[in-house]
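Undergrad: Submitted below is the structure of interest, expressed as structure tokens.
The values are calculated or read from the model by the stated rules, or taken from the named source; none is laboratory data. These numbers come from a predicted model, not from an experiment. Here the Cβ positions follow ideal geometry from the backbone for every residue, glycine too, while neighbour counts run over all protein chains shown. Ligands, DNA and RNA are excluded from the accessible area calculation, which covers all protein heavy atoms including side chains. Shrake-Rupley method; radii C 1.70, N 1.55, O 1.52, S 1.80 Å.
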Amino acid sequence: MNAPINIAGLLKKTKDVFNFHGGVHLPEHKAQSNQLPIGQLPLPDQLVLPLRQHIGNMPKVKVAVGDHVLKGQLIAEAEGSVSAAIHAPTSGTIAAIADAVLPHPSGLPDRCITITPDGNDTWIERHPQDWRKGDVNTLVNSLRLSGIVGLGGAAFPTQIKLRSNRSPIHTLVINAAECEPYITCDDMLMRERYDQVVHGIEVAQRLLGAKNIMIGIEDNKPEAVKAMQAAVENTDIQVKVVPTVYPSGDARRLVYLVLGKEVPQNKRSTEFGVQVFNVATVLALYRYFEFGEPAISRIVSMTGNVNQAQNFEVLFGTPLRHLVKAAGGAKADTSHYIMGGPMMGFNLPSEDVPITKAANCIIAASSTLFEPPPPAMPCIRCSRCADACPVSLQPQELYWFAKSDNFEKAQDYNLFDCIECGACSYVCPSDIPLVQYYRYAKSEVIALDKAQEAADLARERNEFRLARIEREKQERTAKHAARAQGAKAAKVAGNSDSKPAATDKQAAIAAAIARAKAQKETDSAAPKNTTEMSAATKAEIAETDSRRVAAGLTEEKSPAADNDKQAKIVAAIARAKAQKEDVSKVSVSGDDKTTKPVVDADRQAKIDAAIKQAKVAKAEAGKEKTSGNNDGQLMVDADKQAKIDAAIKRAKAAKSAALTAKNKEDN
Ligand code: SF4
Ligand code: SF4
């Protein structure tokens, strides 16, 4: 009886590889550079090694100008947790440690170490390690000295991805998709060095403790697929042939292609037990442990508008013009050079820039190979960009928000999930440079965030400063209170014989208090001195007082009266006394027997005259009245009567003033 057909197994096989959303099919241009074996370059005249070739901190320089170094010698060590070391790619002399132009989109110079090769290419003593049996932590820690970074283009320090404090890894995916046009370095590596690649995968598997290993290779590399399938025949490693669709080489897309698992944009694949390494990176791991060779070179595709496109093993720091020369030179119409692929690469500022760890491909560009983009037309809302987006974004919406500087809305539409693959721009019928808009929006958001961070920091610093000032104030207050307490204690000690003698400090405090008291007493005695004020002042005050009394104003005595008030009172008393003394006669009224007030003789004369005048006027008025004025009206002139009234008033006021003064004196 025949065994039953394993339907489930067949289904599994047909669903072996999964397709992700979106993606585009691009002209490949790979055959240009994969026809010749990997070439070796002669030593250049100089090697320029940028310190910043990786993601993370700049390493610390360990050599000085004039030092002689050997091939593989550490010349800059990793600084901080995320960093990578730099080694001399050949033996020679340190010619300079200075700024030089870098292969970077900014085109800005940065710190580099320049080595003049001595031509001997002498290796430093190498220390291979037993990666099959050695302690995993020791092996991983030693990678800090290897200088190995991700060679797929990201240049992330490899030891970070292998650290023991990461999540447990059950699956290792080797990225050999190499999806960008023109690039063939991984293809050639697998074709020629498949055995070392397999050993490299075994190294990574041991260090990670992964159980499942699979290599993802696009189906446009049949020779590499064949070589790798043969190399892994007696191992548990699986070769997964994935469809040629851009961007299958993106780590998340490749994980989905080979495992059918979608890694969210805000998560890492390691959180799901999956780690991804580039195929060239695992080979570098193998060479480091097996032969003690640090990262000093890589395979680079030199292609495009050159006479003989080819892959070369290139020492880091080799000038680009040296590589171009090895590829038969650039054609006459070469306009510039692109590092990376045509989709995600960037233009290089000159032929003088060095080859770095991230340089997987250099494309000599011309207007024939890369036609200048036509002018952008308005968006017609065709949504082709959305169909092509591998991250399932809405590129047309992101474009509108970025164009109108509505960054908040752009973030709501997951701007930072965009991997800048350029698939949307590639399919856009309006030729809108969409990725440029996204890069612009991202840089603006990052700049705004940094500004906000700086403002928050400034606010925190100000709050801290205010808190410090308040704290110091409280400390001062407490200090003063303690001092006052001490002074009090010293005083008590000084006053009591039975108590122990005060210290010098307490005595000083007591003396200070005594001085303050004496000063206070002096100040309180000051009003007494007003009695010694000048006669002119006294007279002026007295006159003012007199006027106030004449005006009918009265003052209540107050114990809190100020010195001026006291002086006025004294002056008024003095004036009354003087008046009393000056008046020689005291007249007594015969009518009511009351004592008349003491008045100035002249003033009394004036009063008497005024009264007399008033009496005369009254008599005249009476005479006129009795002489037969029929209408009964007074014949006295109104002006005259007013003057008489005023005179009477003045006389009464003077009399009142004299009385008041006397009363005050009696009191
Ligand atoms: S593909 Fe271009 S024209 Fe079409 S919706 Fe997207 S941005 Fe607009
Ligand atoms: S560049 Fe961004 S928006 Fe455009 S297709 Fe790629 S991931 Fe999507």
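Undergrad: Could you please let me know if Asp405 is in contact (Cβ under 8 Å) with a residue 12 or more places away in the chain, within 16 Å of ligand 2 (Cβ to nearest atom) and out of contact with any His (no Cβ under 8 Å at 6 or more places or on another chain)?
TA: no
Undergrad: Look through Ala376, Ala402, Ala388 and report the one residue that is touching a strand residue (DSSP E or B) at 6+ places or on another chain (Cβ under 7 Å) and either of a type in the set (A, V, I, L, M) or within 13 Å of ligand 1 (Cβ to nearest atom) (or both).
TA: Ala388
Undergrad: Turning to a different aspect of this structure: Scanning for something more than 14 Å from ligand 2 (Cβ to nearest atom), loosely packed, with under 15 Cβ neighbours inside 10 Å, acidic (Asp, Glu) and not in a loop (DSSP other than H, G, I, E, B), does the range 408-417 turn up at least one residue?
TA: The answer is yes; a qualifying residue exists.
Undergrad: Would you list the helices (runs of 4 or more DSSP H) that sit entirely within the range 423-535 and hold 1 or more residues that are modelled with pLDDT under 95 and either out of contact with any Lys or Arg (no Cβ under 8 Å at 6 or more places or on another chain) or open to solvent by less than 80 Å² (accessible area, probe 1.4 Å) (or both)?
TA: Because the criterion is at least 1 residues that are modelled with pLDDT under 95 and either out of contact with any Lys or Arg (no Cβ under 8 Å at 6 or more places or on another chain) or open to solvent by less than 80 Å² (accessible area, probe 1.4 Å) (or both), the helices (runs of 4 or more DSSP H) in the range 423-535 that meet it are 434-495, 504-525.
Undergrad: Scanning for something more than 16 Å from ligand 2 (Cβ to nearest atom), open to solvent by 60 Å² or more (accessible area, probe 1.4 Å) and not polar (S, T, N, Q), does the range 338-353 turn up at least one residue?
TA: yes
Undergrad: Another question, if that's okay. If a residue has to be farther than 15 Å from Ile124 by Cα, open to solvent by 30 Å² or more (accessible area, probe 1.4 Å) and either assigned to a loop (DSSP other than H, G, I, E, B) or among the charged types (D, E, K, R) (or both) to count, how many in the range 57-109 make the cut?
TA: Of the residues in the range 57-109, 16 are farther than 15 Å from Ile124 by Cα, open to solvent by 30 Å² or more (accessible area, probe 1.4 Å) and either assigned to a loop (DSSP other than H, G, I, E, B) or among the charged types (D, E, K, R) (or both).
Undergrad: Another question, if that's okay. What single numbered condition from (1) open to solvent by less than 10 Å² (accessible area, probe 1.4 Å); (2) in a helix (DSSP H, G or I); (3) within 16 Å of ligand 2 (Cβ to nearest atom) fails to hold for Ser248?
TA: Exception for Ser248: condition (2).
Undergrad: Now, a different point. Just one of (1) open to solvent by less than 50 Å² (accessible area, probe 1.4 Å); (2) in the same structural domain as Ala31 (by TED's automatic domain parsing) trips up Lys325, so point out which.
TA: Failed condition: (1).
Undergrad: Lys30: in contact with a strand residue (DSSP E or B) (Cβ under 7 Å, 6 or more places away or on another chain) and of a type in the set (Lys, Arg), yes or no?
TA: Here the answer is no, as Lys30 does not meet what is asked.
Undergrad: Among the residues of the range 372-386, is there at least one that is without any contact (Cβ under 8 Å) to a residue 12 or more places away in the chain and in a loop (DSSP other than H, G, I, E, B)?
TA: For the range 372-386, residues without any contact (Cβ under 8 Å) to a residue 12 or more places away in the chain and in a loop (DSSP other than H, G, I, E, B): present.
Undergrad: Which residue is least open to solvent (accessible area, probe 1.4 Å), if the candidates are limited to the range 251-278 and must be part of a helix (DSSP H, G or I) and farther than 19 Å from Val17 by Cα?
TA: Filtering first and then ranking leaves Thr270.
Undergrad: Now for a different question. Limited to the range 204-221, what total is found for residues that are in contact with a strand residue (DSSP E or B) (Cβ under 9 Å, 6 or more places away or on another chain) and farther than 17 Å from Arg193 by Cβ?
TA: Residues meeting the conditions: 10.
Undergrad: Now, a different point. Go through (1) surrounded by 18 or more Cβ atoms within 10 Å (Cβ to Cβ); (2) assigned to a loop (DSSP other than H, G, I, E, B); (3) more than 16 Å from ligand 1 (Cβ to nearest atom) one by one and return the number of the condition Val314 breaks.
TA: Failing condition for Val314: (2).
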